[in-house]
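Below is one structure, written out as structure tokens, with a few remarks after it.
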Amino acid sequence: MVKLITSTTELRTERQSDSKIGFVPTMGNLHQGHISLLERALSEYQTVYFSIFVNPKQFGPNEDFNRYPRTLENDVKLIEETAGRFPNSKVVVYSPKDPKEVFPENDNQTISVHGLSTDLEGKIRPGHFDGVATVVYRLFELIKPDTAYFGLKDYQQYLVIRQMVKDLALPIKIQGMPIIRELAGLAMSSRNQYLSPEQKQASLLISRTLKEVEKKIKSNLAETKTYINETLKDPNWDYLEMRDAETFSPDISQSKNITVVAVYRMGTTRLLDNIQVSR
Ligand code: PAJ
């Protein structure tokens with residue numbers, strides 16, 4: 001059963017009738033990446049709350065808030081198809097009809113995870129992770145999930161949320177989920193539809209480069225750094241960096257788990273990707 005709720009008052013009432021729940025927060029325009037989170041949630045909980053909300057607070061003034069694809073009807077269909085494969089499941093889709101449902105007027109609270117939020121992606125998109133942490137905190141407060149599912153596709157976001165939950169001692173388990181890719185290797189993203197067929201083809205460079213970095217890390221770290229520096233001569237990389245997968249520190253000399261995080265600019269579209277490497 002799938003139930004669509006668009007008001008916060010209704011959401012609060014609904015939540016009172018459910019005990020243990022999983023939660024998947026999204027901005028909609030669903031693809032297999034989002035659905036993989038829902039499937040995992042449904043395999044662990046009979047009741048799953050699923051939010052679809054294009055959060056204005058996480059977009060910068062010149063970003064794509066207005067043109068971000070909003071496809072609620074189709075999204076609900078996909079959720080229904082998925083829920084149909086889990087007998088006796090219940091999915092509550094919370095899609096607030098107005099941002100005021102989530103952020104009441106004059107609200108001026110911000111959750112900021114210092115350090116992580118202004119590093120790398122946060123440096124390029126000032127205020128972005130504050131917007132993410134603030135909305136996720138607000139959704140956690142409304143929905144009170146036992147487990148919340150996040151894709152490792154947005155690795156720095158996942159670390160920000162994990163840190164927030166730890167700092168505020170929220171009783172919520174954060175489950176990271178593997179990146180779902182198209183067959184050719186491009187990480188799935190709602191923003192991929194901004195790409196022309198030629199750009200999409202050219203974007204395969206990102207996953208190929210990450211695979212190459214992975215291979216090199218396993219053999220020789222010094223050589224990996226040279227390879228990364230050579231690669232970065234292409235000015236379309238916003239960054240391509242090795243970080244400690246736990247602390248996100250750039251000092252990886254002792255790291256067992258390394259995340260290689262990358263953003264490549266394809267025209268006006270920024271494509272995020274990463275790969276996890278253990279040594
Ligand atoms: P959105 O981009 O819609 O992504 C929702 C969730 O789906 C995130 O946890 C994201 O990491 C995950 N996801 C996206 N593409 C994926 C892929 N190819 N494989 C696996 N998981 C993938 O991330 C957001 O929305 C927002 O910032 C949000 C957390 C909802 C706060 O507004």
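The values are calculated or read from the model by the stated rules, or taken from the named source; none is laboratory data. Worth saying up front: this structure is predicted, and the values here are computed from it rather than measured. FYI the Cβ positions are ideal-geometry reconstructions off the backbone, even for glycines, and counts take in every protein chain you see. Just so you know, the surface numbers come from the protein's heavy atoms only, side chains and all, with ligands and any DNA or RNA stripped out. Shrake-Rupley method; radii C 1.70, N 1.55, O 1.52, S 1.80 Å.
Would you tally the residues in segment 4-43 being open to solvent by less than 70 Å² (accessible area, probe 1.4 Å) and either near the ligand (Cβ under 10 Å from one of its atoms) or closer than 21 Å to Phe86 by Cβ (or both)? Before you say what the answer is, go through the steps one by one.
Going through segment 4-43, the residues open to solvent by less than 70 Å² (accessible area, probe 1.4 Å) turn out to be 5-8, 11, 14-15, 18, 21-31, 33-39, 41-42.
Now drop any that are not either near the ligand (Cβ under 10 Å from one of its atoms) or closer than 21 Å to Phe86 by Cβ (or both), which leaves 5, 14-15, 18, 21-31, 33-39, 41-42.
The number of residues fulfilling the criteria is 24.
Residues to consider are Ile172, Ile179; find the one that is touching a Leu at 6+ places or on another chain (Cβ under 8 Å) and among the aliphatic types (A, V, I, L, M). Reasoning before the result, please.
Working: Ile172 fails: touching a Leu at 6+ places or on another chain (Cβ under 8 Å).
Result of the check over Ile172, Ile179: Ile179.
Among the residues of segment 235-246, write down those that are more than 12 Å from Val263 (Cα to Cα) and exposed (fewer than 14 other Cβ atoms within 10 Å of the Cβ).
Pass one, segment 235-246, residues more than 12 Å from Val263 (Cα to Cα): 242-246.
Hit for segment 235-246 is Glu246, nothing else.
Just checking, how many residues over segment 75-102 are closer than 24 Å to Ser17 by Cα and open to solvent by less than 50 Å² (accessible area, probe 1.4 Å)?
Counting residues in segment 75-102 that are closer than 24 Å to Ser17 by Cα and open to solvent by less than 50 Å² (accessible area, probe 1.4 Å) gives 15.
Here are some residues: Gln175, Gln163, Gln199. Which one is part of a strand (DSSP E or B), modelled with pLDDT of 95 or more and of a type outside the set (Val, Ile, Thr)?
Working: Gln163 fails: part of a strand (DSSP E or B); Gln199 fails: part of a strand (DSSP E or B).
One residue alone meets the criteria, Gln175.
Give segment 256-279 a look and list any residue that's crowded, with 20+ Cβ neighbours inside 10 Å and more than 18 Å from Gln157 (Cα to Cα), or say none.
Once the filter is applied, which keeps residues that are crowded, with 20+ Cβ neighbours inside 10 Å and more than 18 Å from Gln157 (Cα to Cα), segment 256-279 yields Met266, Val277.
From the list Tyr68, Tyr49, exactly one residue is in contact (Cβ under 8 Å) with a residue 40 or more places away in the chain, assigned by TED's automatic domain parsing to the domain that holds Ala83 and assigned to a strand (DSSP E or B). Which is it? Let's see the steps before the verdict.
Working: Tyr68 fails: assigned to a strand (DSSP E or B).
Answer to the check: Tyr49.
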